[in-house]
Ligand SMILES: NC(=O)c1ccc[n+]([C@@H]2O[C@H](COP(=O)([O-])OP(=O)(O)OC[C@H]3O[C@@H](n4cnc5c(N)ncnc54)[C@H](OP(=O)(O)O)[C@@H]3O)[C@@H](O)[C@H]2O)c1
């Protein structure tokens, strides 16, 4: 990836400063400085996913073991960043067995030790990951006995006796969703899981799952760049009273200005394998960034804040979980809860966003085929 002056500066400062706290290193932008004054502990607005109350914006911890740009962040700094988020009112933290694998759950578990009961933590099962070593064996695995063992490992790594919201990460094409729901129900009966959710599932599978064990939240990709859920997914969630958690709400940094026409990705940066960020397609997709920048100017906000506020404006039961490894970005992202649109503004912004057709595919084929999958029916 092309390095912005900020990222180059940050990396060299990090290298020189070793163990300094991230908050000491971050240099807030002007707009960030404004939001810092108004974002105090505990005063973030709340939203409901089904019956589960969370802060209106959460924090995704996926990249805390390795960033998209392939940097391995300082672990203590990541623990500090999660604590900082809590201090600033974030009560919703998103991880998965597959992040690391295992390592992000450990980082989150360590970070929340002192305030476990004040936050809602999620994790996800569904990939075939070795319980002991964390090795990815390839493919998916939602067999009931696998889910139960996976959850035991999660509880240990997260240092807790329950997972507030447990998602199936991807539908297993071999396992009826009723069997998955049955395993989750057993875990609920034991008090090890409080709510459950699904990610990138097929719609009929969502309906079948909800019919046997009410689903609290769906987590699928949704942003100004990828608006796939505006088809049937959001309507189904609304009908069934299920909350929605957009992943990659900043389009992996694109909507926050982290990618432009000149950006080329380092080997190992997943974003380089998605054609929506290819040199051919970036120029067309940048039209969206122009819209976001224009609105940032109009609202006196940062571009990423417009992207997050837009998501929250779509439905009151949408809770984005931007991921970051930087304090100034965390503060900025939280500040999106202070950006609002009048009905007329929202109509105008929606129209501008919907006019822009994304060029390229959102994910590499091998990943995309795991989305929208319907589980087999139970015989
Ligand atoms: N269910 C699923 O299948 C699934 C899939 C993917 C992700 N997720 C979840 O969703 C969370 C968020 O998704 P994501 O991390 O893929 O994408 P994202 O939140 O859209 O974007 C994260 C990227 O944007 C950068 N960024 C964040 N805030 C920024 C700001 N204010 N200004 C400039 N750059 C900023 C981050 O870099 P810095 O670290 O430098 O800030 C990072 O590279 C993940 O952590 C994970 O919990 C779930």
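Judged by the gyration tensor of its Cα atoms, with axes a ≥ b ≥ c, the stretch 122-276 is oblate; a/c meets the 1.5 cut and b/c is at least as large as a/b.
Distance from the alpha carbon centroid of the stretch 222-276 to that of the stretch 75-122 works out to 22 angstrom. Using the alpha-carbon atoms, what tilt in degrees (0 to 90, nearest 10) does helix 303-314 show relative to the longest principal axis of the chain? Its long axis makes an angle of about 40 degrees. Computed extension gain for residue 343 through residue 46, at 0.36 nm per residue and net of the alpha carbon distance, reaches 104.8 nm. Note on the chain: with a GNM built from Cα contacts shorter than 10 Å, the maximum mean-square fluctuation among 88, 149, 293 falls on 149.
Computed extension length for residue 357-residue 87: 93.3 nm, one decimal, from 0.36 nm per residue of separation with the Cα-Cα distance subtracted.
The stretch 341-376 and the stretch 156-200 have their alpha-carbon centroids 27 Å apart. When the Gaussian network model of the chain links Cα atoms closer than 10 Å, the mean-square fluctuations of 211, 150, 256 top out at 211. Structural descriptor for the stretch 172-300: relative contact order 17 percent, calculated from alpha carbon pairs under 8 angstrom and at least 6 residues apart. Only Cα pairs under 8 Å and at least 6 apart count here; give the relative contact order of the stretch 41-136 as a rounded whole percent. Relative contact order, the stretch 41-136: 29 percent. The equivalent ellipsoid that matches the C-alpha gyration tensor of the chain spans semi-axes of 30, 24, 21 angstrom, in descending order. As a proxy for reagent exposure, ranking 77, 238 by other Cβ atoms within 10 Å from fewest up yields 238, 77. Extension gain for residue 278 to residue 145 (0.36 nm times residue separation, less C-alpha to C-alpha distance): 43.8 nm.
Highest mobility in the GNM of the chain, judged by mean-square fluctuation with C-alpha springs under 10 Å and restricted to 181, 366, 287, is found for 366.
Helix 177-189 and the longest principal axis of the Cα set of the chain meet at an angle near 90°. For the stretch 204-275, the mean projected area of the C-alpha convex hull, equal to one quarter of the hull surface, is 6.2 nm². Taking every C-alpha pair closer than 8 Å and separated by at least 6 residues, the mean separation divided by the residue count of the chain gives a relative contact order of 21 percent. If you line up the long axis of helix 144-158 against the longest principal axis of the chain, both from Cα atoms, how many degrees apart are they, to the nearest 10? The angle comes out near 50 degrees.
Here, each number is a calculation from the coordinates, and none is a lab measurement. Just so you know, these numbers come straight off a predicted model, no measurement behind them. Quick reminder, even Gly has a Cβ in these numbers, built from the backbone with ideal geometry, and neighbours come from all protein chains shown.
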